[in-house]
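Some notes on the structure that comes next.
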Amino acid sequence: MSKFLPYRISAQTLIEAGDGVVSEGLFVNMPGVMVLATDDGLTDSARALFQRLNIFTGQSDTDLLAEFIARVTYLSFPFDQKMSREASGRLHTQLKTMGHTSPYEVAAVRPSVLVAGLAIETLFEFVANKYEIGRMTSSRTRAMNTPLYRIPSSDSPLSDAIRSYLHDSIRAYEAWRSKLPDQASKDVTESLNILHPGCKAGYMVVAGDPSFWNKKISRRLVDHDDGVEHELRSVLYRIADLLHGCDPSINAASFYG
């Protein structure tokens, strides 16, 4: 038995925790967005998510959030609570030994937000304005061997056509990949996973103070209706409302019209 939850189960858990929608255990109809931490500490929804993902809760809030941020890179979460303490200690040791400080740096900044299930191309647009990103799920990991795929909502006229196309593409890709050696190097894994369609879903944690969020969101939502991707705008509106509920100094979506 694996010591970790299956990647797609972890991915779906992240998305649905942020009120996103996954269909067929494969397609992301709506990404998930969740506030993880504010100046008052971790949110109740974040604590519930970490408990569900078997992250060891007997550590400081900063270390707890840093562990989650690091695990988002690999979508690697302990299989059960029994192994959570050991897995936590091992992860923190690895992060510090390898000099991976970004999870701790981002965990110390508030408020922080989980964005789960955006298409990879939209994630690139999200980070283009120098957002403070903890970690993004990497094609260099096995988590992206079996990704979910972001598609339009079911009321879109293209939804069924895109779903059918992806089913055909996934079958062809998996049949081809099954002929390759099981134990591939990280370089080979990365090269193969880059071949997945650009709508494969990605996951990240973003953090910044209120002025950071107001500045970054306004740059994308004020007078840019034609130049900013619909998916990015819809996620930013949701983030704005969630953060405004935690801190009124952060503008709500209605501020942007």
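Values quoted throughout were computed directly from the atomic coordinates according to the rules given, and no laboratory measurement underlies them. No experiment lies behind these values; they were computed from the predicted model shown. Virtual Cβ from ideal backbone geometry, glycine too; neighbours counted across all protein chains shown.
Nearest-5 percent of antiparallel DSSP beta bridges in the chain?
Details: 21 of 23 bridges.
About 90 percent, rounded to the nearest 5.
Check cross-link reach from LYS186 to the lysines: straight Cα distance under 28 Å, and skip same-chain residues fewer than eight apart.
List returned: LYS3, LYS96, LYS130, LYS200.
Size of the dipole of the chain about the Cα centre, Lys and Arg at +1 and Asp and Glu at -1 on the beta carbon, nothing else charged, in debye to 20? The partial results should precede the final answer.
Details: 27 positive and 30 negative charges, 182 e Å.
Dipole about the Cα centre, nearest 20: 880 debye.
With Cβ to Cβ distances under 12 Å as the rule, what net charge do the other residues near ILE9 carry (K, R +1; D, E -1)? Spell out each step's value before the answer.
Working: positive: ARG8, ARG52; negative: GLU16.
Surrounding charge for ILE9 is +1.
Using only the alpha-carbon atoms, what does the chain span along each of its principal axes? Please give whole angstrom values in decreasing order.
55, 48, 28
List the residues, sorted by chain then number, that are 5 or more residues from LYS200 or on another chain and whose placed amide H is less than 5 Å from its amide H.
ILE120, ARG150
Return the Cα extents of the range 1-127 along principal axes one, two and three, sorted largest first, each rounded to a whole Å.
38, 36, 28
Which cross-chain or sequence-distant (5 or more) residues have an amide H under 5 Å from the amide H of GLY18, H modelled 1.01 Å from N in plane?
Excluding prolines and chain starts, which carry no amide H, the hits are VAL33.
Give me the aspartates and glutamates in straight-line cross-link reach of LYS179: C-alpha distance below 19 Å, same-chain residues under 8 apart excluded.
Cross-link targets: ASP168, ASP187, GLU190.
Tell me the mean residue ellipticity at 222 nm calculated for the chain from its helices only (DSSP H runs of n ≥ 4, each -39500 (n - 2.57), averaged over every residue, nearest 500).
Values: 10 runs with 119 residues, N = 257.
Dividing the helical sum by the residues of the chain leaves -14500 deg cm²/dmol.
Hey, rough spin-label estimate for SER156 and ASP61, points 7 angstrom out along Cα→Cβ, what's it come to in nanometres?
In this crude label model, SER156 to ASP61 measures out at 3.7 nm.
Let me check I have the definition right: for the range 31-88, take the eigenvalues of the Cα gyration tensor, multiply each by 5, take square roots. What are those semi-axes in whole Å, largest first?
Equivalent-ellipsoid dimensions as semi-axes: 18, 13, 10 Å.
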